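> Below is a structure I'd like to ask you about.
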Amino acid sequence: MFASVLLFDLRLPLADSLKAKRAIITPILEGARRRHRVAVSEVGLQDEWRRSELAFATVASSETQAREVLDAVERFVWSFPEVEVVESWRRWLDDEEDGS
């Protein structure tokens, strides 16, 4: 089993309220969930209008498959002109951590 999380730190220069922020990030989250079958969430900076931290998670039977899914999600997020990606990074679940 291979599990990974892709995290984004985003700047939203056009958001002038929390409502405007939600209008920008909801299509990203819902689109990734629908297109790429990943778990999604805004995981940080929820109260800031012009910033957001988003997380996308996948579980796959091979490392290659997990990488391909998250590569596609990364391209998807970068395709939105109304967001600026400040930083993105990946974290992998280590099977050795489960203690079995």
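> When SER61 is evaluated against the numbered criteria (1) surrounded by 13 or more Cβ atoms within 10 Å (Cβ to Cβ); (2) in contact (Cβ under 8 Å) with a residue 60 or more places away in the chain; (3) in contact with a Phe, Trp or Tyr (Cβ under 8 Å, 6 or more places away or on another chain), which criterion, by number, is the only one it fails?
Failed condition: (1).
> I need the full set of residues from the stretch 1-37 which are β-branched (Val, Ile, Thr) and in contact (Cβ under 8 Å) with a residue 12 or more places away in the chain, in order please.
The answer is VAL5, ILE24, ILE25, ILE28.
> Hand me the list of strands (runs of 3 or more DSSP E) wholly inside the stretch 17-100 holding 1 or more residues that are more than 11 Å from LEU6 (Cβ to Cβ) and basic (Lys, Arg).
Fully inside the stretch 17-100 and qualifying: 51-60.
> Evaluate the stretch 65-76: report whether one residue or more is among the aromatic types (Phe, Trp, Tyr) and either touching a residue at least 60 places away in the same chain (Cβ under 8 Å) or in contact with a His (Cβ under 8 Å, 6 or more places away or on another chain) (or both).
For the stretch 65-76, residues among the aromatic types (Phe, Trp, Tyr) and either touching a residue at least 60 places away in the same chain (Cβ under 8 Å) or in contact with a His (Cβ under 8 Å, 6 or more places away or on another chain) (or both): present.
> Follow-up question, since we're still on this one. Within the stretch 12-30, take every residue that is among the basic types (Lys, Arg) and surrounded by fewer than 16 Cβ atoms within 10 Å (Cβ to Cβ) and give me the one that is farthest from SER88 (Cα to Cα).
Out of the qualifying residues, it is LYS19.
> Same structure, new question: Determine if the stretch 3-11 includes at least one residue that is modelled with pLDDT of 95 or more and among the charged types (D, E, K, R).
yes
> Mind checking which residues of the stretch 14-59 are within 17 Å of GLU82 (Cα to Cα) and of a type in the set (D, E, K, R)?
Result: ASP16, LYS19, LYS21, ARG22, GLU30, GLU42, GLU48, ARG50, ARG51, GLU53.
The values are calculated or read from the model by the stated rules, or taken from the named source; none is laboratory data. Just so you know, these numbers come straight off a predicted model, no measurement behind them. Using ideal geometry, Cβ is built from the backbone for each residue, glycine included, and neighbour counts are taken over all protein chains shown.
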